[in-house]
Amino acid sequence: MNNQAPQRPLKLGTRRSPLAMAQAEEARARLCAAHGWAESQVELVPVTASGDKIQDRPLADIGGKALWTKELDAWLVSGEIDFAVHSMKDVETIRPENFAIAAVLPRADVRDVLIGAASIHAIPPGARVGTSAPRRAAQMLHARPDLTVVSFRGNVATRLAKLQAGEADVTLLAAAGLGRLGETGVGHPLSEYEWLPAPAQGAIGIECLASRADLCAWLGAIDDKPTHHAIRAERALLLALGGNCHSPIAVLTTHHESSLTLRAALFSPDGAERVEAHETFAAGDDAGPAHLAHRLLGEAPDAIRVHFHGAG
């Protein structure tokens, strides 16, 4: 491995939101610690992503996950930055061929946190749930069809402020994001076995041009293999399902000695329909997630299948 310090400070691109900046700082700290570099060897370069600029409409209606990545992608190609840090939950399943996810950091807590009530069952009848995530909306309506979903976009602080202002009665946030912002003790974490997380939730990825062998080698030192295998499997499942930002899907990965078990559930957007299946396969075997996708779509009613073009 090339442990030689870079000739100049490396530029790490990141979104400008407080959570994205916290993730970039964690990535920089891990990279510098792994190689014995001063933190000044990695310069953070923030960008305001389109997804951060447009807050009044659901992400799925205005371009999907690309709104979180397109500015950083352009900077990577132009050489304005050397690498980019992403919340893997927000990265499109199909990425440009000239990009490489060179490192995935150790996964944080995958659970969702319910804020505004002590449990799903304790939410008052007819209450309003603030979320713009199709998975959270469908999963909540499946458990509690009496509730109403209202659109909630924005960073963690914005959504907590909206809840405080009475725009909704309860909301859901990722435990990983709250933890990285130091907001521990907020709300009630939901069991990941009863309330399945989003694909790639809690994972930070670092992407660079595949042609940059020097960066790939440096980043390899902080790549967490179990997390990378899980994220690869969850993204392979998404790819095989042919889902998009409108497609409610939840998945939980369990690690064994040399294999993974993926447990996944698909929902109709209104929560009325749900199908679940699981599959165990060797780490790095993309055929396992594809087989699970085929089973799920084969068992799913039309109200679910219509939201996944993998059904064809």
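PRO134: closer than 22 Å to HIS246 by Cβ, touching a Cys at 6+ places or on another chain (Cβ under 9 Å) and not hydrophobic (A, V, I, L, M, F, W, C), yes or no? Working first, answer last.
Numbers: closer than 22 Å to HIS246 by Cβ: yes; touching a Cys at 6+ places or on another chain (Cβ under 9 Å): yes; not hydrophobic (A, V, I, L, M, F, W, C): yes.
When the stated conditions are applied, PRO134 passes them.
Kindly indicate whether HIS121 is more than 14 Å from LEU19 (Cβ to Cβ), modelled with pLDDT of 95 or more and assigned to a loop (DSSP other than H, G, I, E, B). Step through it out loud before you land on a result.
Values: more than 14 Å from LEU19 (Cβ to Cβ): yes; modelled with pLDDT of 95 or more: yes; assigned to a loop (DSSP other than H, G, I, E, B): yes.
Taking the combined requirement at face value, the residue satisfies it.
Here are ALA34, ALA29: which of them is over 19 Å from ALA157 (Cβ atoms) and free of Cβ contacts under 8 Å to residues at least 60 places away in the same chain?
Numbers: ALA34 fails: free of Cβ contacts under 8 Å to residues at least 60 places away in the same chain.
None of the others qualify; the one that does is ALA29.
Exactly one condition in (1) in contact with a Pro (Cβ under 8 Å, 6 or more places away or on another chain); (2) assigned to a loop (DSSP other than H, G, I, E, B); (3) among the polar types (S, T, N, Q); (4) modelled with pLDDT of 95 or more is false for THR227; which is it?
(2)
State yes or no: is VAL85 at pLDDT 95 or above, within 15 Å of the chain's Cα centre (by Cα) and in a strand (DSSP E or B)? Even if it seems obvious, please write down each step before you answer.
Values: at pLDDT 95 or above: yes; within 15 Å of the chain's Cα centre (by Cα): yes; in a strand (DSSP E or B): yes.
Here the answer is yes, as VAL85 does meet what is asked.
Would you be able to tell me the number of residues in segment 257-285 that are over 24 Å from MET140 (Cβ atoms) and part of a strand (DSSP E or B)? Break it down into steps so the answer makes sense when it comes.
The initial filter retains those residues of segment 257-285 that are over 24 Å from MET140 (Cβ atoms), namely 257-261, 279-285.
With the extra rule that they be part of a strand (DSSP E or B), the set shrinks to 259-261, 279-282.
Summing the residues that are over 24 Å from MET140 (Cβ atoms) and part of a strand (DSSP E or B) in segment 257-285 gives 7.
Only one of ALA233, ALA176 is more than 23 Å from GLY13 (Cα to Cα), in a helix (DSSP H, G or I), touching a Gly at 6+ places or on another chain (Cβ under 8 Å) and of a type outside the set (Ser, Thr, Tyr). Can you tell me which?
On the way: ALA176 fails: more than 23 Å from GLY13 (Cα to Cα).
The match here is ALA233.
Could you tell me whether ALA127 is assigned by TED's automatic domain parsing to the domain that holds VAL149 and either buried (at least 18 other Cβ atoms within 10 Å of the Cβ) or more than 22 Å from GLN201 (Cβ to Cβ) (or both)? If you could, list the steps in order and put the result at the bottom.
Working: assigned by TED's automatic domain parsing to the domain that holds VAL149: yes; either buried (at least 18 other Cβ atoms within 10 Å of the Cβ) or more than 22 Å from GLN201 (Cβ to Cβ) (or both): yes.
Taking the combined requirement at face value, the residue satisfies it.
Based on what the data block shows, is GLY288 part of a helix (DSSP H, G or I) and either touching a Phe, Trp or Tyr at 6+ places or on another chain (Cβ under 6 Å) or at pLDDT below 95 (or both)? Please lay out each step first, then the result.
Working: part of a helix (DSSP H, G or I): yes; either touching a Phe, Trp or Tyr at 6+ places or on another chain (Cβ under 6 Å) or at pLDDT below 95 (or both): yes.
Criteria met by GLY288.
Restricting the first residue to segment 146-157 and requiring it to be more than 29 Å from GLN23 (Cα to Cα) and in contact (Cβ under 8 Å) with a residue 60 or more places away in the chain, which pairs with a second residue that is among the polar types (S, T, N, Q) and assigned to a helix (DSSP H, G or I) meet a Cβ separation below 7 Å and a spacing of at least six or different chains?
none
Is at least one residue of segment 217-224 assigned to a helix (DSSP H, G or I), modelled with pLDDT of 95 or more and not aliphatic (A, V, I, L, M)? Steps first, answer last, please.
The first filter runs over segment 217-224 and keeps only residues assigned to a helix (DSSP H, G or I), leaving 217-220.
Now narrow it down to the ones that are modelled with pLDDT of 95 or more: 217-220.
Then keep just the ones that are not aliphatic (A, V, I, L, M); that gives 218, 220.
Yes, segment 217-224 contains at least one residue that is assigned to a helix (DSSP H, G or I), modelled with pLDDT of 95 or more and not aliphatic (A, V, I, L, M).
Yes/no matrix, rows are residues, columns are (1) touching a strand residue (DSSP E or B) at 6+ places or on another chain (Cβ under 7 Å); (2) β-branched (Val, Ile, Thr); (3) in contact (Cβ under 8 Å) with a residue 60 or more places away in the chain:
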| residue | (1), (2), (3) |
| --- | --- |
| ASN244 | no, no, yes |
| SER268 | no, no, yes |
| ASP285 | no, no, no |
| PRO289 | yes, no, no |
| PRO301 | no, no, no |
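Which residues, counting only those in segment 143-163, are among the charged types (D, E, K, R) and out of contact with any Phe, Trp or Tyr (no Cβ under 9 Å at 6 or more places or on another chain)? Working first, answer last.
Taking segment 143-163 as the starting set, the residues that turn out to be among the charged types (D, E, K, R) are 144, 146, 153, 159, 162.
Within segment 143-163, ARG144, ASP146, ARG153 meet the criteria.
Kindly indicate whether any position in segment 49-67 is modelled with pLDDT of 95 or more and within 14 Å of the chain's Cα centre (by Cα). Before the answer, list the steps.
Going residue by residue through segment 49-67, those that are modelled with pLDDT of 95 or more are none.
Taking every residue of segment 49-67 in turn, none turns out to be modelled with pLDDT of 95 or more and within 14 Å of the chain's Cα centre (by Cα).
Here are ILE222, ILE231: which of them is within 16 Å of GLY284 (Cβ to Cβ) and surrounded by 18 or more Cβ atoms within 10 Å (Cβ to Cβ)? Reasoning before the result, please.
Details: ILE222 fails: within 16 Å of GLY284 (Cβ to Cβ).
That would be ILE231, the only listed residue that is within 16 Å of GLY284 (Cβ to Cβ) and surrounded by 18 or more Cβ atoms within 10 Å (Cβ to Cβ).
The values are calculated or read from the model by the stated rules, or taken from the named source; none is laboratory data. Model, not experiment: these values are computed from the prediction. So basically every Cβ, Gly included, is an ideal-geometry build from the backbone, and we count neighbours across all protein chains shown.
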